[in-house]
Structures are given as structure tokens and as C-alpha cells.
1. How many of the residues in the range B:13-58 are within 23 Å of the chain's Cα centre (by Cα), within 22 Å of residue B:213 (Cβ to Cβ) and open to solvent by 10 Å² or more (accessible area, probe 1.4 Å)?
2. Quick check on the range B:138-154: of everything there that is out of contact with any helix residue (DSSP H, G or I) (no Cβ under 7 Å at 6 or more places or on another chain) and free of Cβ contacts under 8 Å to residues at least 40 places away in the same chain, which residue is nearest to residue B:119 (Cα to Cα)?
3. Specify which of the listed residues (A:60, A:76) is at pLDDT below 95, open to solvent by 70 Å² or more (accessible area, probe 1.4 Å), out of contact with any Leu (no Cβ under 6 Å at 6 or more places or on another chain) and away from every other protein chain (no Cβ under 11 Å).
4. Return only the number of the condition from (1) part of a loop (DSSP other than H, G, I, E, B); (2) surrounded by 13 or more Cβ atoms within 10 Å (Cβ to Cβ) that residue B:346 does not satisfy.
5. Go through the range B:106-138 and report how many residues are open to solvent by less than 40 Å² (accessible area, probe 1.4 Å), more than 18 Å from residue B:182 (Cα to Cα) and of a type outside the set (S, T, N, Q).
6. Kindly indicate whether any position in the range B:40-54 is without any contact (Cβ under 8 Å) to a residue 60 or more places away in the chain, within 25 Å of residue B:120 (Cα to Cα) and outside the structural domain of residue B:136 (by TED's automatic domain parsing).
7. Among the residues of the range A:94-107, how many are more than 9 Å from chain B (Cβ to nearest Cβ) and not in a loop (DSSP other than H, G, I, E, B)?
8. Just the residues that are basic (Lys, Arg) and open to solvent by 30 Å² or more (accessible area, probe 1.4 Å), please, taken from the range B:209-226.
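The values are calculated or read from the model by the stated rules, or taken from the named source; none is laboratory data. This is a predicted model, so every value here is computed, not measured. Backbone-built Cβ (ideal geometry, glycine too); neighbour counts: all protein chains shown. Accessible surface is based on the protein model in full, side chains and every heavy atom, while ligands, DNA and RNA are left aside. Shrake-Rupley method; radii C 1.70, N 1.55, O 1.52, S 1.80 Å.
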Amino acid sequence: MQYMCLIYSAANAGPQPGTPEFGPFMKAYQDFTTMVKDKGALVSGDALQPIETATTVTKENGKLETTDGPFAETKEQLGGYYLLDCKDLDEAINYAAQIPTAEHGRIEVRPVIVWDD
Amino acid sequence: MLPPLHINQAVDRTVKEHWGRILAILVKTTGDMQLAEDVLQDATATALTHWRENGIPDSPEAWLIQTARRRALDKFRREKTFDKLQPELQQWLEIQSDDNNGAEDEVIPDKRLELIFTCCHPALDQKTQVALTLRTLGGLTTDEIAGAFLDKPQAMAQRLVRAKKKIKHAKIPYEIPEATLMTERLSSVLAVIYFIFNEGYSAGTGRYIIRNDLCDEAVRLARITLTLLPQQTEIAGLLSLMLLHDSRRFARQNAGGQMIALEFQNRAIWDKQKISEGITLLKNTLKQQRVGPYQVQASISAIHAESDQWQNTDWPQIIALYDLLYAMQPSPVVRINQAVAISYGGKPDAALKLLKQLEQDSSVQSYQPFHAALAEILIRQGKTGPGRTALHQAISLSTNDAEKQFLVSRLDSLKP
């Protein structure tokens, strides 16, 4: 069963680039990725460019509309994700809690739909 | 064969007594809580006609499981989902629903513990955990649960359906948590059981009969959990705490349903059997030297249970136990209760000082028990004016009718 772990945090929360804490923070992400890969749980995972780079797209009456910025203006923004293959929700929660951003942000764990064929 | 009238009763009784056990095994073997409930309802309906024609089977419980499994198997085959089941589930469903006689002799494994951990999974909110536990392990109907919590049956039904869907789609396991998760997950189970008990115990809301049923149900759930996890001392602590509280069931309300404070309760009508069971259990548990907050609270309750009258209460012991409790659970609520005990113990000034310290915490300001405690201590000191002000505060913050009534009558008693 696959679980999408969506990583949310506020822009000013947690270690910032250029500070001494940032290096170990990135290292913790590398270690986490290696760990889930070794356990055979990693399907995919990426970090996203900051929300300033976001474009929101919709079609209204067939006409393309684009908006500069993210869909939802909330304090905590989606910063990346891991797609993990787990036995059950307990395993997914266990991994999610080890994602470094869990220390200062939130991880939303969502099961991926399995379509009946 | 028994006459037809008794068939209804036999079915009723089997379902009531064994609902949780039967459902647990069906959930475990179908992997689907909703399906398990549906096929058990079906089997119950079938039992009515079948038992009337063929007599009540030797093991009604096994018969219901057998019939329900067969229904599940039919449904999987009809919907062509059988092949997608895990191989061990397939095998189990096929073998077990094949041979009628075999099933009656079968030792029915107890899967209630797995189920209670699923129902109380922290990925569900607490109200949902409570409702689900009452439905699946207690066998209460959706209407009964809605009635107990003054919810609309429709809303409660939706809550339960949503929860079962989440369990299925997010794959919350039907398993006893591994050792590293046990403490955390068990505390969630115990919180649910204690919540059920307190819903029944806090007077005034909901129907009285259902309220008492909730207390009984909480005690029953704690007994089951303790039987299945005997090494966990906090379960015994909680069970003991509930038995001791519940021993005062008939003394803590007057005929009009109004609350009677511990001080004025008729101790002669406290339930001696519950007290003795609670205290014996507590003593045996404390010996294991793995003390937790429930055991400490039970110890406090035991001191009250053991004193023949209010005047003889061992307050220093109670105050010391609150210190221990605070070390485990540093919450202002513990300190408020401790302050009350200190005032009863003859040191109202020290009690007031403790409450003044707590006042720094802004969350305490909007907390009803804080003002009720403050009022009680002030009034006992003869400071009626400030006591009255605190009582007014407490009344305005109270959300429970019986409690409000209690505070109002306290206020009335002050009038010259």
C-alpha cells in the first residue's frame, strides 16, 4: 500500500540556508532517504522550489487562467513529498515521524487509492 | 426444543453477550469492519428462523460466526473480490465455512484486543474512537451511542461510517501494537475507556439508564483488556479507579438527580463489593512497582473508600499522592484538586496560596473547576464575599446542568 507523505512547514520555521544548522538538516534528509530506500519503502520523493515559483492553473469556461502563486495562501506550505510503500498506516506514521521537517512542520499522510481493475 | 418465544431471547442474548467477540473475529478474518458488521447482522436474522426450525445450537456463538463467515465468503465470490484477499484469509474463510460440525468444536480465538487497538487508533479523533469502541466492542446500537452523547443518530451514523472507511482505506491495522508503541497506544485505549466511564458518571446529561450502562460498559471493557494484557499495570489501575468511583453510584445523587458532594454522601450505601474488589486489585497491582497516573488516582479514591466518615479522611496522604500525580502529569487540574485537599486538611491559607500561583496560567481562568475550588475554599474560610464572586464565575463557566444546579444551590445556601 502506498502512502503520500506531504511535507508542510512555514517559510521561516526550521533551519534556514546559510545557517550552521542547515547542513545537518540536509544531511538528515539524505539519511532518511537512504533509510527508506534500504528498507524498500521508497517509491519516490522530491523537494519543491519555494512557493514564489508556483503558478496556479485553472480553466474557466474553457479559458485558461493562470495565477501567480500557490493555490492556498496558508502559513505552512507544501515543501516536498515522499511516496512510500508501507505495510499499513502504523508503518507510514512511523516513517513520517522520522522526516526531518516533522520537528518544526507537519507531515500529512494520505493513502493512495488502489483502483479495482 | 424450546418454544419459539425463547428463540428471540436466545438470539438476543447470544448477540448481546458475544457481540464484541464475534465481531472481532469476523473483522480479523475479513479485514473489513463494515462487512463484518453487515454479515453478523445477516447471521442474526438467519438465526431467528433457523433456530426456530432446528433448535438452538450447542454453541450459538460458533453458529453465528460460521453463518456470518459463509455470508462473507458468498459476498467475496459474488463480487469477484475473493482472489484479491490475502491467501491466509482465503484459506481461513474456505476451510472454516465448509464444515458445520467442525466449527462448533473449534476454539474461538479472542481477537477483541486487536479490535480495541484499531478502534482507539490515534489516527482517529477521540470522539470517533469512543463511538467506534462502543459500537464494535460494546455492541451498542448507533441510536444508543447517539443518545448517550446527545448527538443526532444521523450524525453519529455518519461518523461511524467515515471511521470504518478510514480504517479500511488508510489501512489502520487490526493488530496488537509492537512493544515500542505499546505504552502510547495503550494510553489511548485507556483514555477511551475512562472517557466512556466519565460520560456515564458525570450526572445530568443524557438519559440516566444509558448513563449507568456506559459505566458498566467501561468496567467491562477494562476487564477484557486486563484479561488480555495482564502485565500492564495501568489497566488494573484504571479498573480499580472506576470500581472505586462507581461504588458511590447510589450515594452521589439524590432522588431528584442532584449531585451530592463526597462530604455529605451516605457512606453506608457505598457498594462494599466494588470497594473491596477495587482495593484488592489496587494492592496487588501496586506491588508490581510499575506505578502510573491511574494507579495514583485509584490510590486517592481508595483512601476515601476506606475512611468511614469524612472527618477521618487521611488528607496528608491524599496531598502527598497529588504530588506524585503531578510529577507524572504536570497539569494545573492536579494542583487544583490538591489545593482543595489541602484546605480540607486544615490549611486553607496554603490552599489559597497554591491557587493564586495557578492563576498566573491564563488557561486556568476559563476553567470552571478552578473557580469552584476557589469559591469552596474561600467560603470555608468565612470569606463569603469573594467566595460568592468565584461561585458566580464558576456558574457562568459551567456547561453541565447538574453541576450548575449544584453550584447555584451552594450560592443559595450562603444567603443570610
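1. Looking only at that region, the number is 9.
2. Taking the candidates together, the pick is B:141.
3. Working: A:76 fails: open to solvent by 70 Å² or more (accessible area, probe 1.4 Å).
Going through A:60, A:76 in turn, just one is at pLDDT below 95, open to solvent by 70 Å² or more (accessible area, probe 1.4 Å), out of contact with any Leu (no Cβ under 6 Å at 6 or more places or on another chain) and away from every other protein chain (no Cβ under 11 Å): A:60.
4. With (1) part of a loop (DSSP other than H, G, I, E, B); (2) surrounded by 13 or more Cβ atoms within 10 Å (Cβ to Cβ) applied to residue B:346, the lone miss is (2).
5. Here the count works out to 8.
6. yes
7. Selection size over the range A:94-107: 8.
8. If the condition is that a residue be basic (Lys, Arg) and open to solvent by 30 Å² or more (accessible area, probe 1.4 Å), then B:220, B:223 are the ones that fit.
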